[in-house]
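Inspection log for the structure reproduced underneath, given as structure tokens.
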């Protein structure tokens, strides 16, 4: 029994390309599965089944290591500017769940963080309009990307404190895919920074193959857009436990590594079930992470993520 359970657990974060949604969903549940496995290990130990306990413990470690958030190494680490004289700036990302997130709480978070930009997924024109009516918002974030849908989950926006130039989408909007906004931010000092606001299709409800395609295209896009420092922020609908996400993020630094190797969950938020998976990310190239954290906003099922970054 321990051998079968251990083998299944150890292999789970390595499996990709299989049809259907079952495998991606199980991979998203990997943190919970690892916790359950540890309880079983203790159970084996109580009954002095030491070999079974050791097998399952080793399998749990093998499953957890790929799903951990690792600090940048090698070529990624070498590409990040180091030193205390770099200029710093904050970036926030939030899925506002069909434009239902509390705009007052969002505005309060923006006033606290003073971000250079905010990436917003599931945004609607009405939600952004309500946000801009909150005190200080027009002054703090006077720049934005183009018009949004009136309703639904497809809209994505970038609002910024500095001038921005919107670029072509990572892929054309339409069909079952969400908008992927891209803009080059021009700060008052330092290099321009390219920000991509990301929202992939979830792997559930028959969308697993499109989800894999979305992540593959994100990976291809980010590897071909390294002429400027890069930030990819948003709802990837994938965690470190998914091989497709790890491949898409290859060569990028995950800002969450600042908070440790155990991924802090971002979904679901405000639900009966506690948050158990990190599917909202802030990935960077040619930038150094000074701090990273999640935050909660009422009215959305995602926690937001924010980071203070440093660049040339």
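Might you let me know whether segment 125-139 holds any residue that is part of a loop (DSSP other than H, G, I, E, B), assigned by TED's automatic domain parsing to the domain that holds residue 277 and touching a residue at least 40 places away in the same chain (Cβ under 8 Å)?
To start, the set of residues in segment 125-139 that are part of a loop (DSSP other than H, G, I, E, B) comprises 133-136.
Restricting the remaining residues to those that are assigned by TED's automatic domain parsing to the domain that holds residue 277 gives 133-136.
Filter once more, so that each one left must be touching a residue at least 40 places away in the same chain (Cβ under 8 Å): none.
No.
Can you name the residue in segment 214-225 that is farther than 17 Å from residue 287 by Cα and in contact with a strand residue (DSSP E or B) (Cβ under 9 Å, 6 or more places away or on another chain) and is also surrounded by the most Cβ atoms within 10 Å (Cβ to Cβ) among such residues?
Ranking the qualifying residues of segment 214-225, first place goes to 214.
Given (1) modelled with pLDDT of 95 or more; (2) assigned to a strand (DSSP E or B), identify the lone condition not met by residue 107.
(2)
Which residues, taken from segment 12-24, are loosely packed, with under 14 Cβ neighbours inside 10 Å, touching a residue at least 24 places away in the same chain (Cβ under 8 Å) and assigned to a helix (DSSP H, G or I)?
First, the residues of segment 12-24 that are loosely packed, with under 14 Cβ neighbours inside 10 Å: 14, 17-20, 22.
Still in the list and also touching a residue at least 24 places away in the same chain (Cβ under 8 Å): 14, 17, 19-20.
Residue satisfying the conditions is 14 alone.
For segment 141-168, how many residues meet the condition of being touching a helix residue (DSSP H, G or I) at 6+ places or on another chain (Cβ under 9 Å), touching a residue at least 24 places away in the same chain (Cβ under 8 Å), closer than 17 Å to residue 127 by Cβ and buried (at least 17 other Cβ atoms within 10 Å of the Cβ)?
Residues that pass the stated criteria total 6.
Just need a number here: residues in segment 153-195 that are at pLDDT 95 or above and farther than 19 Å from residue 211 by Cα.
The number of residues fulfilling the criteria is 19.
May I ask you to say which residue of 36, 64, 45 is free of Cβ contacts under 8 Å to residues at least 60 places away in the same chain, in a helix (DSSP H, G or I) and over 29 Å from the mean Cα position of the chain (by Cα)? So that I can check it myself, show each step before the final result.
Working: 36 fails: over 29 Å from the mean Cα position of the chain (by Cα); 64 fails: over 29 Å from the mean Cα position of the chain (by Cα).
Of the residues listed, the single one that is free of Cβ contacts under 8 Å to residues at least 60 places away in the same chain, in a helix (DSSP H, G or I) and over 29 Å from the mean Cα position of the chain (by Cα) is 45.
Give, as residue ranges, the strands (runs of 3 or more DSSP E) completely inside segment 226-312 that count at least 2 residues that are touching a residue at least 40 places away in the same chain (Cβ under 8 Å), crowded, with 24+ Cβ neighbours inside 10 Å and assigned by TED's automatic domain parsing to the domain that holds residue 211. First the steps, then the outcome.
On the way: elements: 230-235, 280-285, 288-295, 304-311.
In segment 226-312, 230-235, 280-285, 304-311 are the strands (runs of 3 or more DSSP E) which contain 2 or more residues that are touching a residue at least 40 places away in the same chain (Cβ under 8 Å), crowded, with 24+ Cβ neighbours inside 10 Å and assigned by TED's automatic domain parsing to the domain that holds residue 211.
The values are calculated or read from the model by the stated rules, or taken from the named source; none is laboratory data. On a predicted model such as this, the values are computed, not experimentally measured, just so you know. Heads up, the Cβs are rebuilt from the backbone with ideal geometry, glycines too, and the neighbour counts pull from every protein chain shown.
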